[in-house]
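This report concerns only the one structure given below.
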Amino acid sequence: MPADNVETQAAPRAGVRALVSLLVVLHLTAVFWGPFAMPPQASELAGSGAVVLRPYVDGVGLANGYRFFAPEPGPSHLLRYELTFDDGSTREGFFPNRDEQQPRLLYHRYFMMSEFLNSLGGQGAPRERADAYAKSYADHLTHSTGAKSVKLFLRRHYVPRMPEVRAGMQLSDKALFRDEPVGTFERDAS
Amino acid sequence: MNREVDYGRQWFADVVAGWNRFWFEPTDPATLGMIRICAGAMLLYTHLVWGLDLTTFFGAHGWLSPSAVSSVQEGSFTWSYLWWFESSWALWTVHVAALVVFAMLTVGLFTRVVAVLAWLAAMSYVGRATGALFGLDQINVMLAMYLAVGPSGDAFSVDRWLKERRAGGPLPVRPSWTANLAIRLIQLHMCVIYLFAGMAKLTGMAWWDGTAMWMAFGNLEYQSLDMTWMADWPRLMNLLTHVTIFWETFYVALIWPRLTRPVMLALAVPLHMGIAVCLGMMTFGLIMLVGNMAFVPPWVIRAMVPGGKSGQGRGASAGPRPNSNLGATRSRSTVAGTRPKH
């Protein structure tokens, strides 16, 4: 490699190296602590450390569990809604819905919204959060459609086992769906 | 006693030298430049898609009302400038500005500034859209942050092209320790991601009995390619499940040795492209591969890019070659790279 083809940046001085090293260690501690302290499974030690690191972890977007498909892939969750209009007519819908949300990334945003509502309803989770999101979705639906009220259902879609599919069961088989009522919401006057 | 003290001193000196070599040895910014292009394009696409339903998500009476998002973020230090904008025109104004920033980052124009702005913008959408996020967003902001740390515009960029134009010809490659620092941070962050992704799965029975991949492939809402024929191949599903969890869990160790790194990177492609093609998460699959790119040495990047060797200056093939152990160069001429002599 001819020397005139490379112009190497000067190496940092010892003081700079020490400062950068300190920042790197602090940053990587936060990178580790984000998922380490992520509820629901987190030790008291992890929780204590999280209190100290939280401003930084939250502030730079490190508060992630990285628990992709963990503990295991389960049923998916959709949000089904029944709108009632002033004239008494009704309309149904659900999301995510591939026919309505394109491209796939947009569909996935809607998918995550229904999954998030389900995750908020987990054991031990404060009920107010799930209620706040359900109300938010309902508020959007009534205002965007002009409906007077909306009934929400969380639709759980189970995955059939391999032997069931080998026996001819389809992924869309009605037996795989369960609807759980979330609530009925009137249109907010605001 | 003296022997113990000598051993302790030597050990400490070795640790310091190794640390300095790992973090501060200058490297060709080619890998960082390529990550900038790919991550910038993904940021641009991600936010173009937000734009399809911008006010539907974030506007007055949007899906994600301020009160709902605040209920989840209570006590958190998550932030977003999008809270200041609710009217349609204001949202669109800042959204278009963000798109311009992401486009500039992708092509590498005023990169030093737009890299910081891109991170601020990406963070703001993540801070505002709680409830509609997934892995893509986590990796997007992670990469945006490290692109702002290093000189991501020093290779394959308009900035570089303009600089050479002003100089009247090709300029030499400029290996820098800050490029190495950014690459190292991405590498270690990827290790943490896979470590926790793997460990979290260990608590799920389906990852042990080998049916987890079936549960993903058999999920209609995720499905983008009908893989139900795999129900006839249960042992294949078991194998895919086991390979996935072993790969994720041991990535943190096996990505570093020269012997196993190519194998781990080669396995990353079918794993993430499988998620992309079969489970409808093309964006997530691709951005994980972009993160893995941090382990590809700069000379490989230059060799793969048409004109990468010659188009970026005569010395562009510089990128000291395979004696780079971890994707970084190993110039012995640098202070940081000098091993202590014993």
Quiz item: When the residues of the range A:172-184 are filtered to those that are over 23 Å from the mean Cα position of the chain (by Cα) and within 13 Å of chain B (Cβ to nearest Cβ), which remaining residue is farthest from B:Met215 (Cα to Cα)?
Solution: A:Lys174
Quiz prompt | Matching residues in the range B:158-194 - criterion: being facing another protein chain (nearest Cβ under 10 Å) and among the basic types (Lys, Arg) | solution = B:Arg174, B:Arg184
Exercise. Report yes if some residue within the range A:117-129 is surrounded by 13 or more Cβ atoms within 10 Å (Cβ to Cβ) and within 27 Å of A:Asp86 (Cα to Cα); otherwise report no.
Key: no
Exercise. Give the number of residues within the range B:248-305 that are more than 18 Å from the chain's Cα centre (by Cα), crowded, with 19+ Cβ neighbours inside 10 Å and touching a residue at least 60 places away in the same chain (Cβ under 8 Å).
Key: 4
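Is one or more of the residues making up the range B:59-79 in contact (Cβ under 8 Å) with a residue 60 or more places away in the chain and in a helix (DSSP H, G or I)? Reasoning before the result, please.
In the first step, residues of the range B:59-79 are kept if they are in contact (Cβ under 8 Å) with a residue 60 or more places away in the chain; the result is B:63-64, B:68-69.
Retained after the next criterion (residues that are in a helix (DSSP H, G or I)): B:68-69.
Yes, the range B:59-79 has at least one match.
Within the range A:51-70, how many residues are assigned to a loop (DSSP other than H, G, I, E, B) and of a type outside the set (Val, Ile, Thr)? Can you show your working first?
At the first step, the residues of the range A:51-70 found to be assigned to a loop (DSSP other than H, G, I, E, B) are A:60-70.
Applying the additional criterion that residues be of a type outside the set (Val, Ile, Thr) yields A:61-70.
Selection size over the range A:51-70: 10.
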Self-check item: Residue in the range A:53-63 that is more than 12 Å from every other protein chain (Cβ to nearest Cβ), aliphatic (A, V, I, L, M), more than 19 Å from B:Ala182 (Cβ to Cβ) and touching a helix residue (DSSP H, G or I) at 6+ places or on another chain (Cβ under 9 Å) present
Solution: no
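Considering only the range A:96-130, state which residues are aromatic (Phe, Trp, Tyr) and more than 9 Å from chain B (Cβ to nearest Cβ).
Within the range A:96-130, the first condition is being aromatic (Phe, Trp, Tyr), and the residues that meet it are A:107, A:110-111, A:116.
The answer is none; no residue qualifies.
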Quiz item: Which of the residues belonging to the range B:118-149 are among the small types (Gly, Ala, Ser) and within 13 Å of the chain's Cα centre (by Cα)?
Solution: B:Gly135, B:Ala144, B:Ala148
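What do you reckon, is A:Glu44 under 25 Å from B:Glu74 (Cβ atoms), away from chain B (no Cβ under 11 Å) and acidic (Asp, Glu)?
Values: under 25 Å from B:Glu74 (Cβ atoms): yes; away from chain B (no Cβ under 11 Å): yes; acidic (Asp, Glu): yes.
For A:Glu44, the condition - under 25 Å from B:Glu74 (Cβ atoms), away from chain B (no Cβ under 11 Å) and acidic (Asp, Glu) - is met.
Filter the helices (runs of 4 or more DSSP H) completely within the range B:215-305 down to those with at least 1 residues that are within 10 Å of chain A (Cβ to nearest Cβ). Give the steps one after another, and end with the answer.
On the way: elements: B:234-254, B:261-278, B:282-292, B:298-304.
The helices (runs of 4 or more DSSP H) meeting that bar are B:234-254, B:261-278, B:282-292.
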Exercise. Scan the range A:81-99 for residues that are touching a residue at least 24 places away in the same chain (Cβ under 8 Å) and either among the hydrophobic types (A, V, I, L, M, F, W, C) or not assigned by TED's automatic domain parsing to the domain that holds A:Lys151 (or both) and report the count.
Key: 3
Self-check item: Close pairs (8 angstrom Cβ cut-off, 6 or more residues apart or separate chains): more than 7 Å from chain A (Cβ to nearest Cβ) and free of Cβ contacts under 8 Å to residues at least 40 places away in the same chain in the range B:132-150, among the aliphatic types (A, V, I, L, M) and surrounded by 22 or more Cβ atoms within 10 Å (Cβ to Cβ) anywhere
Solution: B:Ala148/B:Ala115; B:Ala148/B:Ala118; B:Val149/B:Leu181; B:Val149/B:Ala182
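The values are calculated or read from the model by the stated rules, or taken from the named source; none is laboratory data. The structure presented is a predicted model; accordingly, all values stated were derived computationally and were not measured. Positions of Cβ are backbone-derived with ideal geometry, glycine not excepted, and every protein chain shown enters the neighbour counts.
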